[in-house]
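Visitor: There's a structure below that I have some questions on.
The values are calculated or read from the model by the stated rules, or taken from the named source; none is laboratory data. Please read these numbers as outputs of a predicted model, since none were measured by experiment. Virtual Cβ from ideal backbone geometry, glycine too; neighbours counted across all protein chains shown.
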């Protein structure tokens, strides 16, 4: 069978993002909501949303609670995202984000996810085997539900050996999956420091760890996000530091996911590492500057990309 030009994203712990705007929010007091909205979420679902908005077809799989999947079904239909998710018993969790524009801060309240059964996990792996026959790109993203083995991402990467697998997770799930050799990983600097058990205070520190992981485990691309400082992209001997200009942050939901989506979109278009870094950073800038799911527009991303500074780093970068 021929290859399909779709990216498969896998979300095993999705969420419905409930964003609530409360100026001058104060814990322990009565607060008045300025506005609220519900968006389908979860890291892999966010990646699929960004890709779809950029014109790159995507397929989603993973787990969704059967009792409240309507919001996801409408969302996938609206964005022309192919739905191959496994429905499991119960409801998809809700993540509450209290946005306070007056104080420029966000308070996250995250609920635990539903635990899939062994039969649910077997069904998901069956879908991945089927999709692997016709798809080249896979994005595995997000936390692991309670009660599920921390090795689930390792097992997925192993199953998808030979495919371009981008992994965006943290903690023990990341630690166990790295030896399986995903094609790309995107920890933030704090997650990378936790992984190696040492502080990473300079670009040289980050670069050294990224190259070591790449060489030791056959990881083609390592991206380390650093918040306002941008991100470092490492492939082989090449290292790029992409620096965004200051932007007014409206929402941080999905900022890291947008960077993964932008990188994958760039790679699928055959862009160089520097141009992938520019596009990925522009995706992230766009995500930060508006509310709601997805990108604001392709034109806005292209405009943002022109304001990204690209710097080459050497092995002794500081």
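Visitor: If we only count strands (runs of 3 or more DSSP E) wholly inside region 178-244, which ones have 3 or more residues that are more than 27 Å from residue 158 (Cβ to Cβ) and touching a residue at least 12 places away in the same chain (Cβ under 8 Å)?
Guide: Once the strands (runs of 3 or more DSSP E) in region 178-244 are filtered for at least 3 residues that are more than 27 Å from residue 158 (Cβ to Cβ) and touching a residue at least 12 places away in the same chain (Cβ under 8 Å), what remains is 238-243.
Visitor: A follow-up question, please. Please verify whether residue 228 is at pLDDT below 95 and surrounded by fewer than 18 Cβ atoms within 10 Å (Cβ to Cβ), treating the condition exactly as stated.
Guide: yes
Visitor: Just checking, which of 161, 193, 146 is over 26 Å from residue 275 (Cα atoms) and at pLDDT below 95?
Guide: It is 146.
Visitor: Any idea which of (1) in contact with a helix residue (DSSP H, G or I) (Cβ under 9 Å, 6 or more places away or on another chain); (2) modelled with pLDDT of 95 or more is the one residue 248 doesn't satisfy?
Guide: Every condition holds for residue 248 apart from (2).
Visitor: For region 31-60, enumerate the residues that are loosely packed, with under 14 Cβ neighbours inside 10 Å and touching a helix residue (DSSP H, G or I) at 6+ places or on another chain (Cβ under 9 Å).
Guide: 38, 55
Visitor: Given the criterion over 14 Å from residue 42 (Cβ atoms) and under 19 Å from the mean Cα position of the chain (by Cα), identify the matching residue among 96, 148.
Guide: Every option except 96 fails the conditions.
Visitor: Restricted to region 129-143, and to residues that are over 15 Å from residue 48 (Cβ atoms) and in contact with a strand residue (DSSP E or B) (Cβ under 7 Å, 6 or more places away or on another chain), which residue is surrounded by the most Cβ atoms within 10 Å (Cβ to Cβ)?
Guide: Restricting to residues being over 15 Å from residue 48 (Cβ atoms) and in contact with a strand residue (DSSP E or B) (Cβ under 7 Å, 6 or more places away or on another chain), the top hit is 136.
Visitor: Which residues, counting only those in region 180-194, are within 23 Å of residue 255 (Cβ to Cβ), touching a helix residue (DSSP H, G or I) at 6+ places or on another chain (Cβ under 8 Å) and buried (at least 18 other Cβ atoms within 10 Å of the Cβ)?
Guide: Once the filter is applied, which keeps residues that are within 23 Å of residue 255 (Cβ to Cβ), touching a helix residue (DSSP H, G or I) at 6+ places or on another chain (Cβ under 8 Å) and buried (at least 18 other Cβ atoms within 10 Å of the Cβ), region 180-194 yields 182, 184, 185, 186, 187, 188, 189, 191, 192.
Visitor: Still on this model: In this structure, is residue 113 at pLDDT below 95, under 19 Å from residue 60 (Cβ atoms) and part of a loop (DSSP other than H, G, I, E, B)? Steps first, please.
Guide: Details: at pLDDT below 95: yes; under 19 Å from residue 60 (Cβ atoms): yes; part of a loop (DSSP other than H, G, I, E, B): yes.
Yes; evaluated as a whole, the condition is true for this residue.
Visitor: Out of the residues in region 290-318 that are out of contact with any strand residue (DSSP E or B) (no Cβ under 9 Å at 6 or more places or on another chain) and farther than 23 Å from residue 76 by Cα, state the one that is modelled with the lowest pLDDT.
Guide: Out of the qualifying residues, it is 318.
Visitor: Can you tell me which residue in region 12-61 is farthest from residue 109 (Cα to Cα), limited to those that are free of Cβ contacts under 8 Å to residues at least 24 places away in the same chain and in a strand (DSSP E or B)?
Guide: Taking the candidates together, the pick is 35.
Visitor: Just the residues that are touching a residue at least 60 places away in the same chain (Cβ under 8 Å) and either assigned to a loop (DSSP other than H, G, I, E, B) or over 20 Å from residue 69 (Cβ atoms) (or both), please, taken from region 87-104.
Guide: 92, 93, 97, 98, 99, 100, 101, 102, 103, 104
Visitor: Take region 256-302 and flag every residue that is outside any helix (DSSP H, G or I) and touching a helix residue (DSSP H, G or I) at 6+ places or on another chain (Cβ under 6 Å).
Guide: Taking region 256-302 first, the residues outside any helix (DSSP H, G or I) are 269-272, 289-297.
Residues satisfying the conditions are 293, 294, 295, 296.
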